[in-house]
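First the structure, then my questions, so here it is.
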Amino acid sequence: MFRPMRRFKQQVSTEKCIEILKNEWRGVLALLGDDGYPYTVPMDFYYDESDGKIYFHGAKEGHKIDAIKNYDKASFCVYDSGYRKEGEWALNINSVIVFGKIRLVTDEELARKICTKLVQKFTDDQEYLEKELKNALPRVQCLELEIEHMTGKLVNEA
């Protein structure tokens, strides 16, 4: 069902893909939007290594939520900040593309866990976390992306 990578010599391991998902802070979520147009949106995310799923949070309504309700397939792209080899100008970038099914999280305890993990990804400020859970959690819609296919590659932009 999913295509093999055309530039297979640049493919990175599943372990490297997971490392990128665990360490990077943002990616771009792609959905099927209004009238069949692609809809992409930058998103903070949390990769849960225990269940292999990617979690997001956002508003309870809007284009993204409508798109998910209409079509549950999604793609998510994450890339690192890259590096340069000594003496070279070209940037080397690792990227991961995930395909899967996305759903709205309705379980309140799971939503609390997701929001907690997302805040902890950015800060260890416990007071901030408690304030956010108290004030913002009721207005948050969490999302779960179940990975069906994942590839990653190292690209040299030269």
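The values are calculated or read from the model by the stated rules, or taken from the named source; none is laboratory data. These numbers come from a predicted model, not from an experiment. Cβ atoms come from the backbone with ideal geometry, glycine included; neighbour counts cover every protein chain shown. For accessibility, only protein heavy atoms count, side chains too; no ligands or nucleic acids. Shrake-Rupley method; radii C 1.70, N 1.55, O 1.52, S 1.80 Å.
Using the Karplus equation 6.51 cos²θ - 1.76 cosθ + 1.60 (θ = phi - 60°), what ³J(HN,Hα) coupling, rounded to whole Hz, does each residue of the stretch 54-59 give in order, writing x for Gly and Pro?
10, 10, 9, 9, x, 6
What FRET efficiency would be calculated for the residue pair Asp72, Arg139, taking the C-beta separation as r and a Förster radius of 30 Å, to the nearest 0.05?
Details: r = 23 Å, r/R0 = 0.77.
For Asp72 and Arg139, the calculated efficiency is 0.85.
Leaving out ligands and nucleic acids, note down the accessible area per residue over the chain with a 1.4 angstrom probe, in whole Å².
The answer is 64 Å² per residue.
Taking DSSP loops as anything outside H, G, I, E and B, show the longest stretch in the chain free of chymotrypsin sites (Phe, Trp or Tyr not before Pro) there with at most 15 other beta carbons within 10 Å. Don't skip to the end; give the middle numbers.
On the way: sites that count: Phe2, Trp25, Tyr71, Trp89.
Segment 90-158 is the longest.
Could I ask something else about it? Lys60: which lysines have alpha carbons under 29 Å from its alpha carbon, excluding same-chain residues fewer than 8 sequence positions away?
Within the straight-line cut-off, Lys60 pairs with Lys22, Lys69, Lys73, Lys101, Lys113, Lys117, Lys121, Lys131, Lys134.
In the stretch 12-58, which GluC sites (Glu not before Pro) are in a loop and have at most 10 other Cβ atoms within 10 Å, using DSSP for the loop call? All intermediate terms of the calculation are to be shown ahead of the outcome.
Working: sites: Glu15, Glu19, Glu24, Glu49; in loops: Glu24, Glu49.
Here the GluC sites (Glu not before Pro) that fit, given the DSSP loop and packing criteria, are Glu49.
Here is a follow-up. Quick check: from the Cα gyration tensor, does the chain come out rounded (a/c under 1.5), prolate or oblate?
It comes out oblate by the Cα gyration axes.
In terms of the Cα gyration tensor, with a ≥ b ≥ c the square roots of its eigenvalues, is the stretch 88-129 rounded because a/c is under 1.5, prolate because a/b exceeds b/c, or oblate?
Numbers: a/c = 6.80, a/b = 1.48, b/c = 4.58.
Oblate, since a/c reaches 1.5 and b/c is not below a/b.
Using only the Cα atoms of the stretch 71-143, build the gyration tensor, take square roots of its eigenvalues as a ≥ b ≥ c, and label the shape rounded, prolate or oblate: rounded if a/c is under 1.5, else prolate if a/b is larger than b/c, else oblate. Could the numbers behind the result be given before it?
Numbers: a/c = 4.61, a/b = 1.59, b/c = 2.89.
It comes out oblate by the Cα gyration axes.
Before rounding to the nearest 500, sum -39500 (n - 2.57) across all DSSP H runs of length at least 4 in the chain and divide by the residue total; then give [θ] at 222 nm in deg cm²/dmol. Provide the component values of the computation, followed by the final result.
On the way: 4 runs with 43 residues, N = 158.
Taking each H run of at least 4 residues, the total per residue is -8000 deg cm²/dmol.
Please list the non-local residues whose amide H lies under 5 Å from the amide H of Leu143, H modeled 1.01 Å from N, same-chain partners needing a gap of 5 or more.
Here the answer is Phe56, His57, Val105, since their amide H atoms fall under 5 Å of that of Leu143.
Just to be sure I understand the rule: take each whole DSSP H helix in the chain, project its Cα atoms onto its long axis, keep it if the span is 15 Å or more and its mean Kyte-Doolittle hydropathy is at least -1.0. Which ones pass?
Values: long enough: 108-122 (22 Å, -0.27).
Flagged H segments are 108-122.
Something else now. Leaving out ligands, DNA and RNA, what percent of the accessible area of the chain is carbon and sulfur, probe 1.4 Å?
On the way: 4840 of 10050 Å².
Taking all protein chains in place, the chain shows 48 percent carbon and sulfur surface.
Moving on to the next point. Give me the percent relative contact order of the stretch 76-136, please, defined on Cα pairs under 8 angstrom at least 6 residues apart. Could you put the intermediate results ahead of the total?
Values: 36 pairs, mean separation 14.0, N = 61.
Dividing the mean separation by the residue count of the stretch 76-136 yields 23 percent.
Taking only C-alpha pairs under 8 Å that are 6+ residues apart, what is the relative contact order of the chain in percent? Intermediate results must be reported in sequence, preceding the final value.
Numbers: 286 pairs, mean separation 48.3, N = 158.
Across the chain, relative contact order equals 31 percent.
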